[in-house]
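First the structure, in the form of C-alpha cells, and then the observations on it.
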Amino acid sequence: MRVLLVEDNAPLREALAKRLRSDGFAVDETGEGKEGLWLALENPYSLVILDLTLPEIDGLDLLSQLRNAKRNVPVLITTARDSIPDRIKGLDTGADDYLIKPFALDEFMARVRAQVRRANDKSDSVIRIADLEVDTKARVANRGGKALDLTAKEFCLLELLSLRSGQIVSRADIWEQLYDFADEADSNVIDVFINRLRKKSESEGAPRLIQTRRGLGYVLLDPGN
C-alpha cells in the first residue's frame with residue numbers, strides 16, 4: 001500500500017516513514033503543505049497522513065482543497081491540537097480519523113491499518129479466501145494452516161490482492177501501491193513478486209488462487225466459487 005506522509009517535524013517524519021516502510025508500505029513524504037497537496041492530487045494513495053501545522057498551506061486548508069477536488073482518499077490527521085473544537089473542525093473538514101501527538105507507534109500503525117481496511121470495505125483484520133488467511137494486523141499469512149514465509153513487500157502485495165479479492169488489479173495499480181518516488185525497481189519486478197507468491201502459497205499441489213488476466217492484471221479468487 002502506498003501512503004502520503006505530510007509532516008513538518010523532520011525527526012518525527014523520518015520515524016513514521018521508517019515504521020511504515022518496515023511494515024511494507026510504500027511512502028512518499030514531505031514537510032511542506034504545498035508539495036503535499038500536489039502529491040495528494042497527482043497520485044493514487046491508499047491513505048494520507050496529515051499534520052495540521054505546515055508551511056505554505058495549513059493542513060486543514062490542504063484537506064479542504066483535497067475534498068473540494070473530489071479526492072476521497074482516507075485522511076488521518078496527526079496533530080498536537082487536542083481541543084474538542086479542533087477535532088470537530090478536522091473531522092468536519094473531511095478527515096477520517098484524528099490522532100493526538102504524542103502517540104505510540106503501535107497505535108499509529110493500528111489507525112493506518114484500520115483506514116486501509118475501511119477504504120476497501122473490510123471490517124475484519126483477518127481476510128479469508130478459500131484456505132488462505134491474511135492477517136493485516138499481525139502482518140502474517142497462512143494457507144491451509146501453514147505459515148507463509150513472506151518478505152514485507154511480498155506480504156504487501158498479497159494484502160493488496162486480498163483487500164481487492166475478486167477484482168482485477170492492474171500491473172500499473174500494483175506498481176503505484178507498492179513503490180514510492182524513491183524506489184528504482186526493474187520493469188519485471190511485479191512478475192517476480194507474483195511468481196514468488198505463487199511458489200510460496202501453492203506448495204504441495206494447492207489450487208492456484210492468484211489468477212492472471214492477460215492484458216489486464218491479476219485477481220485473487222477462491223477456486224471453489
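The values are calculated or read from the model by the stated rules, or taken from the named source; none is laboratory data. The structure displayed is predicted, hence computed values, not measured ones. We place every Cβ from the backbone using ideal geometry, glycine too, and count neighbours over all the protein chains shown.
Cβ-Cβ under 8 Å, sequence separation 6+ or interchain: first residue in the stretch 93-120 and farther than 14 Å from residue 163 by Cα and without any contact (Cβ under 8 Å) to a residue 60 or more places away in the chain, partner β-branched (Val, Ile, Thr) and surrounded by fewer than 18 Cβ atoms within 10 Å (Cβ to Cβ). Which pairs?
none
Do the conditions hold for residue 68, that is, is it among the polar types (S, T, N, Q) and loosely packed, with under 15 Cβ neighbours inside 10 Å?
Details: among the polar types (S, T, N, Q): yes; loosely packed, with under 15 Cβ neighbours inside 10 Å: yes.
Yes.
So which residues in the stretch 185-216 are among the basic types (Lys, Arg) and either assigned to a loop (DSSP other than H, G, I, E, B) or not assigned by TED's automatic domain parsing to the domain that holds residue 165 (or both)?
Those that are among the basic types (Lys, Arg) and either assigned to a loop (DSSP other than H, G, I, E, B) or not assigned by TED's automatic domain parsing to the domain that holds residue 165 (or both): 208, 214.
Which condition breaks for residue 156 when tested against (1) under 20 Å from the mean Cα position of the chain (by Cα); (2) modelled with pLDDT of 90 or more; (3) not assigned by TED's automatic domain parsing to the domain that holds residue 48; (4) not charged (D, E, K, R)?
(2)
Could you please give the count of residues in the stretch 131-153 that are buried (at least 21 other Cβ atoms within 10 Å of the Cβ) and modelled with pLDDT under 90? Explain how you work it out, then say what you get.
Within the stretch 131-153, the subset buried (at least 21 other Cβ atoms within 10 Å of the Cβ) is 132, 134, 136, 141, 150.
With the extra rule that they be modelled with pLDDT under 90, the set shrinks to 136.
The qualifying residues number 1.
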